[in-house]
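The values are calculated or read from the model by the stated rules, or taken from the named source; none is laboratory data. As the structure is a computational prediction, the values presented were derived from the model and not from experiment. Cβ placement follows ideal geometry from the backbone for every residue including glycine, while neighbour counts extend to all protein chains displayed.
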Amino acid sequence: MKIIFPELTANPIAREAIQSFPEVEFIEAPDLDTAATMLAQGQADSMISGLDFSSRDVLLAYKNHLPLKSSFFSSCFICKKANQVLALADGGVNKLPTADQLYTIVEDTAETFIKYTGKTPKIAMLSYSTYGSGGKNPDLEKIYYVITKIRENHPDYIIDGEMQLDAAINPRVASKKTPTSPIAGEANILITPDLNSGNILYKSLEQFSDFTIAGPIIQGFYQPLADLSRGSTIEDTKFTLDVIIKQLERN
């Protein structure tokens, strides 16, 4: 297994994080475009970067050099605390997804989650509203469209919404707000309606809780990819590598 990590020797966090994965061959590259080209040519199985580069530059390198598997690319964060693992999307790429794009985000995030955890996706479509309590809104129609299509095409997934965050992850609140929900306050995948809410939620989990965050994991390409935050810690980087490695093992 080979992973390209452009910051491999230049960044002390990268140097420390890779020590936990002696079974992996890490490859350095002088810049992002060279790294992505090497990956496209089959010189490695995956790529991770971002400790010393902006998200824009990392994503452009992926976009310009790597073929897509999905109709477009998206991102998800894997958030871990004790025995709890959540996937959150899209907090890193798509500003205001269409209904079809939101469907693809759900589909690709569920695949990422399954490859990392092996668990059945329990997908909450998040909103300011729960089951129409906030009145009509065009954004809600997109959510209803996605729920219907996922239930048709992935009957083994559990998906519900629209719902507020507390109803999605708190069984006590769910028993009052969504007593008929198949998720029952135990969502493990959180889908936000836009980039604003997704990024704010991810940063809130990172800054105000004990969650360790992997990613964003970049979805939609043939290879598993990651775009680390420039604020990533050693633990974040190790966790991101762990997610990428499990994806490679289960491809």
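Consider LEU225 against the criteria (1) of a type in the set (A, V, I, L, M); (2) within 13 Å of the chain's Cα centre (by Cα); (3) within 30 Å of THR37 (Cβ to Cβ); (4) modelled with pLDDT under 95: it satisfies all of them except one. Which criterion is unmet?
The one condition LEU225 does not meet is (4).
Among the candidates PHE77, PHE113, which residue alone is over 15 Å from GLU162 (Cβ atoms), touching a Lys or Arg at 6+ places or on another chain (Cβ under 9 Å) and either crowded, with 17+ Cβ neighbours inside 10 Å or at pLDDT below 95 (or both)?
On the way: PHE77 fails: touching a Lys or Arg at 6+ places or on another chain (Cβ under 9 Å).
Going through PHE77, PHE113 in turn, the sole match is PHE113.
Among the numbered criteria (1) under 17 Å from the mean Cα position of the chain (by Cα); (2) surrounded by fewer than 20 Cβ atoms within 10 Å (Cβ to Cβ); (3) more than 17 Å from ASN196 (Cβ to Cβ), which one does ASP57 miss?
Status for ASP57: all satisfied but (1).
For segment 1-81, list the strands (runs of 3 or more DSSP E) that sit wholly inside it and hold at least 1 residues that are in contact (Cβ under 8 Å) with a residue 40 or more places away in the chain; which are they? Don't jump to the end; show me each part of the working.
Working: elements: 2-4, 25-27, 46-49, 74-81.
Fully inside segment 1-81 and qualifying: 2-4, 46-49, 74-81.
Yes or no: segment 186-198 includes at least one residue that is of a type in the set (Asp, Glu), surrounded by fewer than 20 Cβ atoms within 10 Å (Cβ to Cβ), under 17 Å from the mean Cα position of the chain (by Cα) and under 30 Å from PHE26 (Cβ atoms). Quick ask: steps written out before the conclusion?
Within segment 186-198, the first condition is being of a type in the set (Asp, Glu), and the residues that meet it are 186, 194.
Then drop every residue that is not surrounded by fewer than 20 Cβ atoms within 10 Å (Cβ to Cβ), which leaves 186, 194.
Subset that is under 17 Å from the mean Cα position of the chain (by Cα): 194.
So of that shortlist, the ones also under 30 Å from PHE26 (Cβ atoms) come out as none.
Checked against the condition, which is being of a type in the set (Asp, Glu), surrounded by fewer than 20 Cβ atoms within 10 Å (Cβ to Cβ), under 17 Å from the mean Cα position of the chain (by Cα) and under 30 Å from PHE26 (Cβ atoms), segment 186-198 yields no hits at all.
Looking only at segment 1-32, count how many residues are within 22 Å of the chain's Cα centre (by Cα) and over 19 Å from VAL243 (Cβ atoms).
1
Would segment 109-119 turn up any residue that is acidic (Asp, Glu) and in contact with a Phe, Trp or Tyr (Cβ under 9 Å, 6 or more places away or on another chain)? Let's see the steps before the verdict.
The initial filter retains those residues of segment 109-119 that are acidic (Asp, Glu), namely 111.
Filter again for in contact with a Phe, Trp or Tyr (Cβ under 9 Å, 6 or more places away or on another chain), leaving none.
Looking for residues that are acidic (Asp, Glu) and in contact with a Phe, Trp or Tyr (Cβ under 9 Å, 6 or more places away or on another chain), one finds none in segment 109-119, hence no.
LYS95: assigned by TED's automatic domain parsing to the domain that holds ASN170, out of contact with any Pro (no Cβ under 6 Å at 6 or more places or on another chain) and under 28 Å from ARG15 (Cβ atoms), yes or no?
Answer is no for this residue.
Residue-wise test of (1) more than 30 Å from ILE245 (Cβ to Cβ); (2) touching a helix residue (DSSP H, G or I) at 6+ places or on another chain (Cβ under 7 Å); (3) modelled with pLDDT of 95 or more.
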site: GLY118; (1), (2), (3): no, no, no
site: THR130; (1), (2), (3): yes, yes, no
site: GLU141; (1), (2), (3): yes, no, no
site: ILE147; (1), (2), (3): yes, no, yes
site: ILE158; (1), (2), (3): no, no, yes
site: ASN199; (1), (2), (3): no, no, no
site: SER204; (1), (2), (3): no, no, no
site: PHE211; (1), (2), (3): no, yes, no
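Whether any residue in segment 188-196 is in contact with a Leu (Cβ under 7 Å, 6 or more places away or on another chain) and hydroxyl-bearing (Ser, Thr, Tyr) is what I want to check.
There is at least one residue in segment 188-196 that is in contact with a Leu (Cβ under 7 Å, 6 or more places away or on another chain) and hydroxyl-bearing (Ser, Thr, Tyr).
What number of residues within segment 33-47 are surrounded by 18 or more Cβ atoms within 10 Å (Cβ to Cβ) and either modelled with pLDDT under 95 or charged (D, E, K, R) (or both)?
Total satisfying the criteria: 1.
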